[in-house]
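The values are calculated or read from the model by the stated rules, or taken from the named source; none is laboratory data. Given the structure is predicted, the values throughout are model-derived calculations rather than measurements. Cβ sites come from the backbone with ideal geometry, for glycine too, and all protein chains shown count toward neighbours. These accessible areas exclude ligands, DNA and RNA; they are computed on the full protein's heavy atoms, side chains included. Shrake-Rupley method; radii C 1.70, N 1.55, O 1.52, S 1.80 Å.
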Amino acid sequence: MRARVTHALLFLAPLACFQDIDVNISGAETMTTTATDTLSGGASDTSSETSSSSTTATTTTTTTTTDTTTTDTTTTTEPTTTTEPTCPGAAECTPGAVEDQGLCAGCGVIRRRCGEDCTWGAPACEFDLNSCAYWFLPEGASEWKRFPVDPGATFAPTEPVIAAIGLTPQQRVYAFTKTQYHVFATGAFAWVTSGPRSDLFPQLGDDELFHASAIATEPPNSIVTIVAGQTAYSYTYHGQDSLFNFDAVTPCCGEDWQGPNAPPNPFSAVRDSYARLGDPEGWIDGDPESLCGLNDPTPVYAYSAAIGDGSVYPQDIGHCFDFYSPVPFAQFPPFSYPGAPPNELIGGAAWLDGLYIFRGE
């Protein structure tokens with residue numbers, strides 16, 4: 001166990017993978033990149049972007065809902081031949097018609113289909129990726145909201161999200177695909193801009209992106225850590241200037257990630273992570289004094305949660321940077337709530353005014 005480290009010293013420089021080792025890059029190159037955004041269609045930040053759920057034909061149903069809420073019924077007809085259907089009795093529907101009746105578990109839609117006998121089949125939960133673009137658990141809530149793909153969202157990701165960072169003071173999420181970044185304004189629930197990843201983080205080059213996280217210890221600035229290739233890249237987002245400043249690069253990920261409670265692999269074993277100041281929700285099953293060998297009862301200053309396949313790995317931030325015991329995915333409190341995203345579809349994770357999960361693969 002290591003002695004307590006004061007917060008003032010801990011965050012003088014961003015540290016690789018939130019580890020408690022010193023980083024001293026003499027003559028390190030300092031670079032800044034500017035991030036700007038505008039709402040799609042020229043709307044202001046106070047306008048809301050509507051999420052849409054599309055069926056197999058051209059009719060769409062607008063919805064922002066939890067998995068347990070029934071959406072408006074939408075009926076469409078799949079292409080058929082010009083031959084008039086022969087129905088044995090009174091026709092309930094046109095053969096080939098599809099009716100969506102609401103959302104179900106995972107990325108499912110409750111759907112029924114009209115058979116050749118002109119009657120509706122039994123409703124069934126069908127997998128439909130278009131029914132889930134991202135999930136949102138508002139702060140203090142115990143039920144997730146699920147948002148479908150909006151085909152009209154110009155700046156939305158069109159590929160699976162690999163990682164995300166949340167800039168809490170700016171109420172912005174940066175979601176990353178393989179080569180692109182996409183900026184999401186949480187107040188408007190709108191994708192507001194996008195561009196090549198290299199425009200913001202040229203130091204990453206072509207390195208494969210694994211996970212990222214951000215935490216605002218000194219608002220309006222945020223410490224940003226990106227793990228790509230075999231390396232941890234440290235940045236500071238300067239809120240007043242809307243700049244990502246490159247601070248340091250170190251091999252990933254330090255002695256804390258080699259302990260018995262750490263993810264078995266700092267790269268492939270982590271889908272993404274998020275960081276949170278404090279623990280007002282009480283999601284961390286442990287305390288810093290026991291974890292870090294402190295003398296006095298000490299509240300959680302901050303934590304990060306690395307989301308893996310089957311487990312979540314909570315890590316202390318601010319005291320000793322050790323990992324708490326891993327928690328089975330479905331038992332980590334937010335993922336035990338109704339409407340939670342499936343583990344296998346978690347791509348990016350970010351905490352701002354709640355927990356955001358963006359669909360990956």
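Annotations for the structure displayed:
- One Cα centroid belongs to region 240-279, the other to region 281-346; the line between them spans 14 Å.
- When the convex hull of its Cα atoms is projected in every direction, mean area for region 210-361 (nm²): 9.3 nm²
- In sequence order, region 159-173 has phi-based couplings of 10, x, 7, 9, 7, 8, 10, x, 9, 4, x, 8, 6, 10, 10 Hz under the Karplus curve 6.51 cos²θ - 1.76 cosθ + 1.60, θ = phi - 60°, and Gly or Pro positions carry x.
- Taking amide H positions as modeled 1.01 Å from N, with prolines and chain starts lacking one, the residues under 5 Å from Ala163 and 5 or more places away or on another chain are Phe176.
- Three semi-axes describe the equivalent ellipsoid of region 194-242; taken as square roots of 5 times the Cα gyration tensor eigenvalues and ordered largest first, they are 20, 13, 8 Å.
- Per-residue surface analysis assigns Cys253 an accessible area of about 10 Å², computed on protein heavy atoms at 1.4 Å probe radius.
- Residues in region 287-304 carry Karplus couplings, in order, of 9, x, 5, 6, 5, 9, x, 7, 7, 10, x, 9, x, 5, 6, 6, 8, 10 Hz; the curve used is 6.51 cos²θ - 1.76 cosθ + 1.60 with θ = phi - 60°, and Gly or Pro positions show x.
- 5 angstrom amide H check on Ala340, placed H, neighbours 5+ away: Trp144
- Contact order relative to length of region 117-232, as percent, for alpha carbon pairs under 8 angstrom and 6 or more apart: 17 percent
- Size descriptors for region 278-324, from the alpha-carbon set: Rg then Dmax equal 10.5, 35 Å.
- Overall Cα dimensions of region 309-361, principal axis frame, Å, largest first: 33, 24, 21
- For region 277-361: relative contact order, % (alpha-carbon pairs under 8 angstrom, 6 or more apart): 19 percent
- Building the convex hull from the alpha-carbon atoms of region 170-283 and averaging its projection over directions returns 8.2 nm².
- More than 23 Å apart - percent of Cα-Cα pairs taken over region 115-209: 39 percent
- Annotation note: GluC sites (Glu not before Pro) in region 134-234 located in DSSP loop regions with a Cβ neighbour count of at most 13 within 10 Å are Glu139, Glu208.
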